[in-house]
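Questions regarding the structure given below will be posed in turn.
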Amino acid sequence: MKKECSFASSQDQNTLCLHFSGSWTIHSKQCRQPDIDVILTPHITSISYNTDELTEWDSRMLVVLTRIAEHAAVHAITIDEEGLPAGIRNLLQLSRKKVLAPPQDDLSDSGIFASVGLQSIAFFQEAVNQLIFTGKIWLSYARFYSGRARFLKKDLVYFLYDCGPQALPIVTLIAFLVGFTLAFIGAVQLQMFGADIYVANLVGLTMTREMGPMMAAIILAGRTGAAFAAQLGTMQVNEEIDALQTMGLNPFDFLVLPRMTALVIMMPMLAVWADFMGVLGGFFIGIFSLDISPVLYFEQTVKAIHLKHFMVGIIKSVFFGYIVAFCGCLKGMSCGRSADAVGKATTSAVVTSIVYIVVADATFTFFFNLIGI
């Protein structure tokens, strides 16, 4: 039979000892609440507890102890919680913790050196996060090649379809217009020297080596990379990623691996298609604006474009696909747990992808020209 809850107090000089016994739970009969205003005389400087005869407790006792603590804080009275069970002490300690917003750094008043320092720290922290994320991706692919990575095969098929056929209309339109514009601008200059036919060389080489892979990558950064960041960020907000870890599934294997694999596979195909559509756009300018015969334009394009030019574009597109997937998944997996954080992660994924694509393209162009390709 449960012993009913009871409360008593005793005083030893300036210390008030509060005795709790019996069952202090919400299911027990209403206990006599301690009248704090009466038992706390003006000369009391500290409070202690005695729970040797306490049999069980729950939130009812925590409410009483919290009220006592609040009253003691108002009167500057210290509390010794050693007499309480360890579980109660831990819960009281947690209840006193307050989640404070991080202080906002006012860079406008901190001076240029402080601003540069803070930006440098943020830059290196981001670099470390990207290195850690890269290592996790490599480990995930190691598990994939060893047959230990677990993800849904239908997810991979879906992302292949979403990154490839679903992106064809916008890639087709943009690549065609880019080739059309290049041919038109080039024709204006080449006509001054009577070299209209070399528009085919200009458009063909530019599309296959540079603009085809780059435009496809930029389009995918705004379309697919942003979608990856938003999807993973929303899952982070809804704690779905935490649920996967609870079920024993690796989030990188289950979420990142199929997305990254699909984009790396489809990007070269989209780049080749963008090359073709760009050349087609230049073809229209050549035959309708420059009065070049279709056969002559075709032959000039075939002479200008070699297999190595296509290979340069394909190599670039593989790395561009990795960059877009990497930035989208990185920003999504590191997203905060709010709607505002999802928006910032999506924006950051697109901006970071485009910057990295341009830097990588410039690096590849310099390297291939250096080795004579």
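Rule-based calculations on the coordinates, nothing more; no lab input. Since this is a predicted model, take the numbers as computed values, not measurements. Using ideal geometry, Cβ is built from the backbone for each residue, glycine included, and neighbour counts are taken over all protein chains shown.
Using amide H atoms built 1.01 Å from N in the peptide plane, name the residues 5+ places from SER48, or on other chains, whose amide H lies under 5 Å from its own.
Here the answer is LEU16, CYS17, LEU18, ASP80, since their amide H atoms fall under 5 Å of that of SER48.
Sequence gap at least 6, Cα distance under 8 Å: using those rules, report the relative contact order of the chain to the nearest whole percent.
So the answer I get is 17 percent.
Sticking with this structure for a sec: With Rg and the Kirkwood Rh both taken from Cα atoms, where does Rg over Rh land for segment 212-369?
Result for segment 212-369 is an Rg/Rh of 1.13.
Give the peptides 10-17, 285-292 in descending order of average Cβ contacts within 10 Å, highest first.
285-292, 10-17
Now a separate question. In whole Hz, with x marking every Gly and Pro, tabulate ³J(HN,Hα) for segment 279-296 from phi via Karplus 6.51 cos²θ - 1.76 cosθ + 1.60, θ = phi - 60°.
4, 5, x, x, 4, 5, 5, x, 8, 9, 9, 9, 6, 8, 5, x, 5, 5
Given R₀ = 35 Å, what would the calculated FRET efficiency be for ILE197 paired with VAL355, taking r from the Cβ atoms and rounding to 0.05?
Computed FRET efficiency for ILE197 and VAL355: 0.40.
Quick one: of the DSSP bridges fully inside the chain, what percent are antiparallel, nearest 5?
Counting DSSP beta bridges with both partners in the chain, the antiparallel share is about 35 percent.
Testing the spin-label approximation: label points 7 Å from Cα along Cα→Cβ at PHE123 and THR347. State their distance in nm.
Spacing of the two 7 Å Cα→Cβ label points: 2.2 nm.
Next up: May I ask you to derive the FRET efficiency for SER338 and ARG148 from their Cβ-Cβ distance with R0 = 35 Å, giving the value to the nearest 0.05?
0.55
What ranking, highest mean first, results for peptides 250-262, 359-371 when packing means the other Cβ atoms within 10 Å averaged over each residue?
Per-residue mean Cβ counts within 10 Å order the peptides as 250-262, 359-371.
From the backbone phi of segment 366-372, what are the Karplus-calculated ³J(HN,Hα) couplings (6.51 cos²θ - 1.76 cosθ + 1.60, θ = phi - 60°) in whole Hz, Gly and Pro given as x?
5, 5, 5, 5, 5, 8, x
Sticking with this structure for a sec: Working out 0.36 nm times the residue gap between ILE265 and VAL63, then minus their Cα-Cα distance, what length gain in nm do you get to one decimal?
My answer for the length gained is 66.8 nm.
Another question, if that's okay. Taking the Cα atoms only, what angle lies between the long axis of helix 86-96 and the longest principal axis of the chain, rounded to 10 degrees?
Taking Cα atoms only, the helix is inclined about 60 degrees.
What percent does the relative contact order of segment 132-227 come to when contacts are Cα pairs within less than 8 Å and at least six residues apart?
It rounds to 26 percent for segment 132-227.
Quick one: which of LYS153/LYS308; LYS154/LYS331; LYS308/LYS344 span more than 30 angstrom between C-alpha atoms?
Table pairs above 30 Å Cα-Cα are LYS153/LYS308; LYS308/LYS344.
Once fully extended, how much extra length lies between GLU70 and ALA114, figured as 0.36 nm per residue of separation less the alpha-carbon to alpha-carbon distance?
In short, 11.7 nm is gained.
What value in Å³ per residue do you get for the convex hull of the alpha-carbon atoms in the chain?
Given the Cα convex hull of the chain, per-residue volume reads 247 Å³.
Quick one: TRP273, TRP24, fewest Cβ neighbours within 10 Å first, how do they rank?
Lowest count first: TRP273, TRP24.
Is the shape of segment 124-182 rounded, prolate or oblate, going by the alpha carbon gyration tensor and its root eigenvalues a ≥ b ≥ c, with a/c under 1.5 for rounded and a/b larger than b/c for prolate?
Taking the square roots of the gyration eigenvalues as a ≥ b ≥ c, segment 124-182 is oblate.
Could you name the aspartates and glutamates in cross-link range of LYS316, using Cα to Cα under 12 Å and dropping any fewer than eight places away on the same chain?
Filter leaves GLU210, ASP361.
Can you tell me the length gained on complete extension of the stretch GLU299 to ASP12, counting 0.36 nm per residue apart and subtracting the Cα distance?
Going from the current span to full extension adds 92.6 nm.
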